[in-house]
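The block underneath contains the structure these notes are about, expressed in structure tokens.
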Amino acid sequence: MIRLYEEIKKQAADVTAELCEKAKLHEGQILVVGCSSSEVCGDKIGSNSNLDVARAVFSGIYETTKARGIYLAAQCCDCLLYTSPSPRDRGWS
């Protein structure tokens, strides 16, 4: 199962990198992402939340944007929001 989550994370990172390149995003800009762990699992939005899938997707997206200095704004269903670092975690509060 761990291998599956690693693959999900890699795919999320690869797609995010491609999107950043195609959109010519640069440091200081914001990438807005909307997603659902249920949909990643092949189900209807909000019907099959999976925290491990959410962590994998978030990690792939966040690590890629952070490395490029791009801010991430996530509009998500269910558990993906629980994986996001809060401003307090970043020392902004």
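If we keep just the residues of the range 22-58 that are surrounded by fewer than 18 Cβ atoms within 10 Å (Cβ to Cβ) and assigned to a helix (DSSP H, G or I), which is modelled with the highest pLDDT? It comes out as Lys22. Would you say Ser93 is at pLDDT below 95, surrounded by 18 or more Cβ atoms within 10 Å (Cβ to Cβ) and among the small types (Gly, Ala, Ser)? For Ser93, the condition - at pLDDT below 95, surrounded by 18 or more Cβ atoms within 10 Å (Cβ to Cβ) and among the small types (Gly, Ala, Ser) - is not met. Among all positions in the range 4-21, there is at least one residue which is of a type in the set (S, T, N, Q), in contact (Cβ under 8 Å) with a residue 12 or more places away in the chain and open to solvent by 70 Å² or more (accessible area, probe 1.4 Å).
The values are calculated or read from the model by the stated rules, or taken from the named source; none is laboratory data. Being a predicted model, the structure only gives us computed values, none of them experimental. Please note: Cβ atoms are built from the backbone with ideal geometry, for glycine as well, and neighbour counts cover all protein chains shown. Accessible surface is based on the protein model in full, side chains and every heavy atom, while ligands, DNA and RNA are left aside. Shrake-Rupley method; radii C 1.70, N 1.55, O 1.52, S 1.80 Å.
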